[in-house]
1. Just name one of 396, 1025, 767: the one whose Cα is farthest towards the positive end of the charge dipole of the chain (beta-carbon charges, Lys/Arg +1, Asp/Glu -1).
2. Under 16 Å between alpha carbons, and skipping anything fewer than 8 positions from residue 670 in its own chain: which aspartates and glutamates qualify?
3. Testing the spin-label approximation: label points 7 Å from Cα along Cα→Cβ at residue 768 and residue 509. State their distance in nm.
4. Which of the three applies to the range 331-426, rounded, prolate or oblate, going by the alpha-carbon gyration tensor with a ≥ b ≥ c and a/c under 1.5 meaning rounded?
5. According to a simple spin-label model (label point 7 Å from Cα along Cα-to-Cβ), what is the distance in nm between residue 481 and residue 36?
6. Set Lys and Arg Cβ to +1 and Asp and Glu Cβ to -1, take the dipole of the chain about its Cα centre, and tell me which of 211, 270, 42 lies farthest positive.
7. Suppose only helical runs count, i.e. DSSP H with n ≥ 4. What mean residue ellipticity at 222 nm does that imply for the chain under -39500 (n - 2.57) per run, divided by all residues and rounded to the nearest 500 deg cm²/dmol?
8. Spit out the partnerless Cys residues in the chain, using Cβ distances under 4.7 Å as the pairing rule.
Amino acid sequence: MQQNTMVSPSLRNTPIPIPSSQRSDEIKDRYSYRAKKLSQTNSSYVKVLFLFGILQTIALAFFTRGFLLSRNVLPDLSTCETQQNEILSSSGLNTGESSCFHPSGFKKAVILVVDALRFDFTIPIPGVSEGSMDSNYHNNFNVFYDTFRRYPENSLLLKFIADPPTTTLQRLKGLTTGSLPTFIDAGSNFDGDTVTEDNLLSQLFHNNKTVAFAGDDTWTAMFSPFLAPNLTFPYDSLNVWDLHSVDNGVIDHIFPLLKKENQHKWDVLIGHFLGVDHCGHRYGPEHYAMKDKLIQLNDIIEKVMDQISDDTLLVVFGDHGMDRTGNHGGESDDEVEAALFMYSKKKHFKPFNHIDKNAYDISKMGKNYRRVNQIDLTPTLAMLLGIPIPFNSLGSPIAEAFMAEKKLYSVASMLTSSQINNYRLSSNELKSDEDINELYKELFQKWTTNSAMQSSLVDYSYEYQRSSLQRCKELWANFDDLNIWIGIFLIFVSLIVLIVYSKLVPSVVVSQLNYQCFVASIILILVYCVLCSSFSTVFKPEGLPLSWSLVLGVGLGIANGILAPIMDRYSIFFLLLQVKENLIQNGWTYLGILIIFLHSVIYASNSFIIWEDKIVSFWLSTFGFLAFFKSFQNEEKHKRFIGAYHSLVFMILTRLTSLITTCREEQGDKCVSTFQITWWSVGLLYVSTLVLPQIIKTFYKISYSYEGAAPMWISKGLRGLMLLIAVLWTLEFIENDEFLNNNYDLQFIALKNWRIILGRIVLGVSMIGANFGWNVGPLCIQVELEQEEVETGMVKSKNKRNTAAKSQQFEMKKTARIVGYSNVYGSSYFLFFINILCCIMVVSKPLGGISLFFLVNQLLTLLELVDILNIRTNLISVVVICMLGYLHFFSTGHQATLQSIQWETGFMFTETIVFPITHLAILLNTLGPFILVAIAIPLLTLWKIPPTNKPVALSSKIVENALTVLIYQTSLTLVTLIMTNNFRRHLMVWKIFAPRFMLNALILVLFNVVLTFVSVGYSSVKVVSRWYEVFGA
């Protein structure tokens, strides 16, 4: 009997023949050809996608270069001779050629920085009841106000206003140089370089003063050459999970140095405490740990006040404040209003209330309390310590520090104006500003011609200082229009090329043109580089040096190179005709285009931007609502109800997700933030651990795909990792819960160590182990072999009587029924998605993990709707999946603000900053939902389809969907760039528009990287080719 083998093309239905063993060579040749063709096609797609990524990165680089402000730093160093002699001699106070103005007699200074010390933390606030949330950050730090109230001639308390953006490095630059660091400085907050411009520490160094330091290592990154090496004790500053190590280190070093026998070792002692700032980042100001930290620092400062000598000045200040969530970086009142306290055992200060009786009004949480700019501390400290004012300083002297004798204040004010004038005359940008420079000439003339009026010139001097500062702010707000518009133009060009390449040319043709597009791009890059460099050399356009001209040539070459083969084959008229035929399919397509348009135009209004989370949620609910009614138009009755069911589930999940909120400051009382670590949020992690694998299992069983590797991956692997994540956050909750800490003796070190160990296990297994296993090739199928006797026909034969007779003939045939055949690609690919999901869940806070739980359910529901509604290749399917990324970006505790970045998650796996682990954790936490939707894009094509003998066409459809994602995000980015540039003088530009542009730029770059090298370049092609590796057909 002849044996044949059959395979079922669907679940358990009619088998199809598999070639016999005699044709094995032909099978291998066919597989080899298909695999080679698929590999070549996919490789060519990756190359073109890579070119798109380079083009868009270049566009963003040009816009950023023109928009994010920077300024030229003057290298000049102030000296007493050049800065002060002329003013001092005319006032009769000059005591020698090398002597600096030194009215105080202070020989030493202790400078303590309490990071994020908000002003209202330091004044008494009535009506705060014990046990309330407010009591954790109010009325616990009383030393400043009590001392100032009792000893106004020995101390001073002021509201200390920071210039935004309120990041530590940017503020320290402003405080020590007296200048206005720009937005670029904030971006380098985590990679500080030595400050080269003249500053307080360099002046102390050049005037033979010894500076001792302990605390935040940002100081050593910025001022290392000026600190005494044997008296410098830096501590890692960015581990915001650690509230005590830095503060304890400062305490351990400053008090021994304050002892009388050690005070000769230093002239200035600096300590930078980080506990308040880290407590804010980790828990927010309302946590009980904030109360403990403020009380601790209050006691420390009291001890320092007691131990300093009579000739020592104590200065304590916050570099910025914090908002209601404990974060900072923006320009809200809570973020910019810090506290400044100065103290001396000898009487030196004179309060301002003889001029303004309400200057120190603490009512309404100090709303009307006297304020000074942080850059005003620079000239004040310089003169109090008898050193030159740093050359780039733009601040004014603090009046109370010099008003004990009115003439001293007038001299201090005039010296400050003189230094500002020196700076202006040395700056190419400012020396031609005749209006402001003329003010100084008039001021100096009055000073030198009428010595009797010197004490009354303070107001004139102050007016000059304020006018100069304002003019500098206006000047440094100048933007480079050429670079801005080059960036906008290149982004616009990339959008046009994306649409032509992916939507107006048949995908089968595109796959043939890829090689030509790549080669043409390389050739034209060379051509445009020569043209642009020649243009730059001949015409020397301002703002476009030779190096950037070459970068522009690369961008133009890529855009032209991709279009060239297409335009060679098709006319513009033909491509326009394809818009209706290829781009517009049905009403769903119109809805997709409408959502892209609406999502783009919301960036024209700051009001819409701040409510983007609610707007996206509304659009997703609208899709679910329309899908519900569209499902009833399906020809198959059972699919009508299944589609309606999934539509309802999609809307419910969207609504539940929108309940997880992190509010922006601008939303005010219209938003209540629910994104907190609580016992019930941790408990929900355990619930999701039980439920999510079961839900995924149910979806797999719809297509009979819960076979092969699926049970191990889903029921064991996913559930096990989610359980470890839940335990990890349980340990974090236990470590920081007030009730548990007050009633039980907990071993904090052990809890922290176990938390880090569990985090490393989850990350290692999900990112390395699981992906290695997936790469080997699990298929979610089961092959069931059956053997049965099959009748093949009737055969004539002769019996014993030699008469003709007929008999039946049978043969044994093998049947292979492949369970899970109809979703062989999608079920395997989703296992890879689970691996990445676990990587992101481990760095997401509890409610962030619940949001990702909803995301997985929404994604699976969407995939079923895509199949039922037959919108697999429709624009709307990609638009909805992209909106899911935005929805869950907001519901995982983020907003388009610097303050919402969860820096503390960088220390989930390490106690200190370790590259690249710390950076990877922050990236996964911040942009995790966008990574997941980029990984999920191939599922729109692969979910619930059987193996195909046209893998190249399948790969082309995946690439088309990936390019549609780029079209969506490029559209948003383009409008963001245009609107941000248009509103660059808007009051909210740095608070709303600029952060939103930066977020869109980051998402666009991320999509390019993940789609090119992961979704298209690796995972999807691996899944498609795996079937041929196993079955060879």
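Values quoted throughout were computed directly from the atomic coordinates according to the rules given, and no laboratory measurement underlies them. It should be emphasised that the depicted structure is a prediction, and the values quoted were computed from it without experimental measurement. Glycine gets a Cβ as well: all are built from the backbone with ideal geometry, and neighbour counts include every protein chain shown.
1. Selected residue: 1025.
2. Correct list for residue 670: 612, 613.
3. Going by the 7 Å Cα→Cβ label model, 4.9 nm.
4. oblate
5. 5.8
6. Going by the Cα projections, it comes out as 42.
7. Computed mean residue ellipticity for the chain: -18000 deg cm²/dmol.
8. 279, 472, 517, 529, 532, 780, 838, 839, 882
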